[in-house]
Amino acid sequence: MKSPSALFFIAAQFFSADLLALEKCVDASGNISYVDVCPTGTTRAPSKTDEQLIPKTPPGTTVIKPEIQPIPEASPGAPVTVRPIPPPPPPPLPPPAAVLAEVPKDVQLSYYEVEGADQASLLAALNARGVTQGQASWKLSYQYAPKRGMRECTVGPVSTKLELGMTLPRWTPPTGTAPELIARWERFLKALVAHQSARLEHARELERSLGPALAALQPARDCATLDATVKERYAALEEQARAKTQEPASEIVFE
């Protein structure tokens, strides 16, 4: 047997369901009644079931499924076509690099630019400079400590500093230049470096001989006289070295 509280709960649910189906009417005196339709002279109170009070569901995302076409089955004995995946494109070519020369470490190297895509244009660019396709330069400086005696002055320790320089053509082969032309240019550049290095060797020889040459000078009565003699001796040795440097030699030709 059900308890009175259980029966009351069931009855409350029953009447609540019925009340939800009735309209709530309020007359001019404030009396409330629940009927199917509010009579004239009463006002219908809003209900939870009214459309304007029920929140509308926001529009959802429409999912459109693509039509999947079945793959037709190959008929027995029909040839099968296999399309290979093309290989990836080759990486871009690096920018062209200039062809540089190798010179001794004690030589300061500088360049002048030449342009050309074939032998004729390279020869024209080189000939535009005349005979100075390559150039060697040097500068020798020295110091010495005079030794003062009672009645004479002699040459003491000698220190030197030799600065060597070389100027060469620099060519950057355009893209697609024939390897054979590049190899010929490298041979020409190597010969040009050897030719200019031989000129610089006269300066190295002067540096090596300067100390002993000054030390061999006769003592002077005073250091001012000795200094003049030293300068005169150095000028003579330098003139000889530069004369050797300027001696005509076989011309280096790009061919």
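Structure data summary
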item: Criterion: within 30 Å of residue 197 (Cα to Cα) and without any contact (Cβ under 8 Å) to a residue 24 or more places away in the chain - qualifying residue of 121, 75; result: 121
item: Residue within region 87-99 that is at pLDDT 75 or above, under 30 Å from residue 137 (Cβ atoms) and not small (Gly, Ala, Ser) present; result: yes
item: Residue match in region 148-155 (condition: without any contact (Cβ under 8 Å) to a residue 12 or more places away in the chain, more than 17 Å from residue 172 (Cβ to Cβ) and within 28 Å of the chain's Cα centre (by Cα)); result: no
item: Residue in region 159-168 that is more than 30 Å from residue 113 (Cα to Cα), of a type outside the set (Lys, Arg), loosely packed, with under 13 Cβ neighbours inside 10 Å and at pLDDT below 95 present; result: no
item: Residues of region 18-67 satisfying the condition of being at pLDDT 70 or above, of a type in the set (A, V, I, L, M) and assigned to a loop (DSSP other than H, G, I, E, B); result: 22, 28, 37, 45, 64
item: Qualifying residue in region 186-193 (condition: among the β-branched types (Val, Ile, Thr), surrounded by 15 or more Cβ atoms within 10 Å (Cβ to Cβ) and touching a residue at least 40 places away in the same chain (Cβ under 8 Å)); result: yes
item: Filter result for the condition that a residue is part of a helix (DSSP H, G or I) and farther than 23 Å from residue 106 by Cα, over 217, 226, 192, 200; result: 226
item: Residue count for region 229-255, restricted to those that are modelled with pLDDT of 90 or more and either assigned to a loop (DSSP other than H, G, I, E, B) or polar (S, T, N, Q) (or both); result: 2
item: Of residues in region 156-185 being assigned to a helix (DSSP H, G or I) and touching a residue at least 40 places away in the same chain (Cβ under 8 Å), the one nearest to residue 215 (Cα to Cα); result: 185
item: Residues (more than 20 Å from residue 191 (Cβ to Cβ) and either touching a Leu at 6+ places or on another chain (Cβ under 7 Å) or not assigned by TED's automatic domain parsing to the domain that holds residue 235 (or both)) located in region 119-153; result: 138, 140, 142, 144, 146, 153
item: Every pair of residues 6+ apart whose Cβ atoms lie under 7 Å, when the first sits in region 216-228 and is in contact (Cβ under 8 Å) with a residue 40 or more places away in the chain while the second is assigned to a helix (DSSP H, G or I) and charged (D, E, K, R); result: 217/233
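The values are calculated or read from the model by the stated rules, or taken from the named source; none is laboratory data. Remember, it's a predicted structure, so these values are computed and weren't measured experimentally. Counting neighbours? That spans all protein chains shown, and the Cβs are built from the backbone with ideal geometry, glycine included.
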